[in-house]
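Read through the structure below, which is laid out as structure tokens, and then see the notes.
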Amino acid sequence: MATILYIDADSNSRTLIERILVYAGHHVLTASRALEGIEIAKQRQPDLVLTDLNLPDFSGHEVASQLRAVPALAAVPIVALTEQNQIINKSLVTGVIAKPVDVVTLAVKVQSYLGGHRDSANPADQATEQMYRRELVERLETNVRDLEATNRELRRLDQIKDDFIQLTAHELRTPLTTVYGYSRLVQSLVPVQYLMAENPEVRVCLAGLMESIERLHAVVSEIVTVSRIASGRIDLKLGPTSITEVVEIVVSGYTNVLQQRGLNLVYDSSTWPPQFYADMGLLELAISNLLSNAVKYTPDTGTITIDVRLEGDRMRISVKDTGIGIDLVDQQHIFDRFYTAGDTQLHSTSKTAFRGGGLGLGLAICRGIVEAHGGKIWVESEGCDEQRLPGSTFFIDLPFNYQLVSRPVVTPAPGTS
Ligand code: ADP
């Protein structure tokens with residue numbers, strides 16, 4: 001049994017030829033692109049390489065000259081599959097098989113090349129091989145130039161997109177703040193209060209209106225914050241911050257939700273470190289986003305645990321839940337802007353319901369805030385499983401500023417304030 005590497009971009013041909021060769025008792029490795037094929041050849045060192053000449057990235061000739069340059073592959077027979085009338089430099093390859101392949105004779109021909117048969121032409125001289133390599137290098141250089149141009153264009157479009165998002169969010173926020181203010185004012189007017197008391201329908205309508213305005217306000221604020229963070233315009237207002245106070249403020253905003261959903265929130269702040277330097281408001285936002293996610297992705301009656309501890313000169317905050325967990329692949333992207341894992345169709349529109357919807361901005365905001373503090377954020381989860389509920393733990397590591405803690409407390413002299 002021989003190991004044959006077969007490179008062809010056409011999936012139908014791949015399936016057919018692989019079957020024929022496997023049927024003939026060979027072990028077949030396949031690749032759809034030249035670079036992939038060359039990589040496999042280097043790693044697996046096949047007994048024979050069968051390659052189509054029309055590959056999307058390199059030509060079959062270039063594949064052959066690249067393979068010949070690898071000492072371990074110098075003696076491996078390379079057989080080219082050619083279309084009718086295709087010009088081929090036979091000196092570069094051991095043999096040629098015409099396409100469409102003859103199903104009956106293919107295996108026999110391959111066997112003969114494996115046995116040492118070579119089509120008539122003399123092996124390529126160094127000059128020919130060098131010519132193909134030069135062509136390859138020239139083509140790669142052109143590709144690199146094209147890629148650079150595409151990259152510049154993508155950056156320009158990305159910038160336009162960022163500017164657009166930022167501008168739209170700002171333009172929306174101003175009238176929305178006015179709408180919000182007027183709606184609250186309307187609600188507080190005596191005749192409206194009277195109407196609300198008299199007519200439950202008025203009450204329901206106004207409550208629905210306020211809820212939607214608040215939601216819209218939150219979404220727009222989220223976009224403004226994330227675009228600020230993305231453009232590096234995040235100003236930290238650093239000051240003495242107590243992590244216990246931050247967590248307590250955040251948790252107080254979730255008391256009702258936790259109760260409604262039967263979720264247990266566990267934390268013991270008695271051992272938590274004292275004050276350190278941070279932007280308290282932004283830290284609140286980051287921890288609130290983590291808690292909001294823990295609530296969203298943990299089914300009713302689950303448990304959320306918040307912990308804070310000192311690890312050397314860093315403070316480690318963790319938010320652990322007993323929820324659905326996060327797929328390993330998604331874990332690499334969830335801190336990116338507008339990335340949402342799972343099926344967004346399943347999302348509920350409420351931000352506090354199980355699988356409540358979001359824009360995929362919460363964690364991007366967290367990362368921006370944490371990195372602005374010189375810290376890092378990451379997640380650990382065994383994967384996503386709605387039955388087993390493996391849960392997720394989010395960690396935030398922040399530099400813990402000892403100077404602040406050890407700064408002498410200046411007691412005011414009597415009579416001063
Ligand atoms: P969103 O506002 O849509 O929740 P985030 O940026 O906060 O966006 O989170 C991105 C994605 O990460 C979410 O769509 C969700 O799939 C996943 N995720 C975040 N936190 C958790 C968690 N605690 N458990 C499971 N999945 C989570």
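The values are calculated or read from the model by the stated rules, or taken from the named source; none is laboratory data. On a predicted model such as this, the values are computed, not experimentally measured, just so you know. A quick note on method: Cβ atoms are made from the backbone with ideal geometry, for glycine too, and the neighbour counts reach across all protein chains shown. We work out accessible area using only protein heavy atoms, side chains counted, and drop any ligands, DNA or RNA first. Shrake-Rupley method; radii C 1.70, N 1.55, O 1.52, S 1.80 Å.
Taking Lys320 as the anchor, which lysines have their alpha carbon closer than 17 Å to its alpha carbon, excluding any fewer than eight residues away along the same chain?
Lys296, Lys376
Run lengths n ≥ 4 of DSSP H only: what is the helix-derived mean residue ellipticity at 222 nm for the chain, with -39500 (n - 2.57) per run over all residues, to the nearest 500?
Working: 13 runs with 199 residues, N = 417.
Taking each H run of at least 4 residues, the total per residue is -15500 deg cm²/dmol.
On the first, second and third principal axes, largest extent first, how far apart are the outermost C-alpha atoms of the chain in Å?
Computed over the Cα atoms, the extents are 105, 61, 44 Å.
Whenever you get a sec, compute what percent of the accessible area on segment 179-308 sits on carbon and sulfur atoms (1.4 Å probe). Working shown, then result.
Values: 3930 of 6890 Å².
Using a 1.4 Å probe with all protein chains present, segment 179-308 comes out at 57 percent carbon and sulfur.
I'd like to check one number: the per residue accessible area of the chain, probe 1.4 Å, reported in Å² as a whole number. All intermediate terms of the calculation are to be shown ahead of the outcome.
Details: 23250 Å² over 417 residues.
Ligands and nucleic acids excluded, the figure is 56 Å² per residue.
Can you compute the modelled spin-label distance between Ser318 and Tyr267, with each label point 7 Å from Cα toward Cβ, in nm?
For the pair Ser318/Tyr267, the computed spacing is 1.5 nm.
Under a crude label model (7 Å from the Cα following the beta-carbon direction), how far is Leu154 from Leu189 in nanometres?
With each label placed 7 Å out from Cα toward Cβ, I get 5.4 nm.
Report the full-extension gain for the segment Ala197 to Arg118: residue separation times 0.36 nm, less the Cα-Cα distance, to one decimal in nm. Before the final figure, lay out each step's value.
Working: separation 79, 0.36 × 79 = 28.44 nm, distance 9.67 nm.
Gain on stretching Ala197 to Arg118: 18.8 nm.
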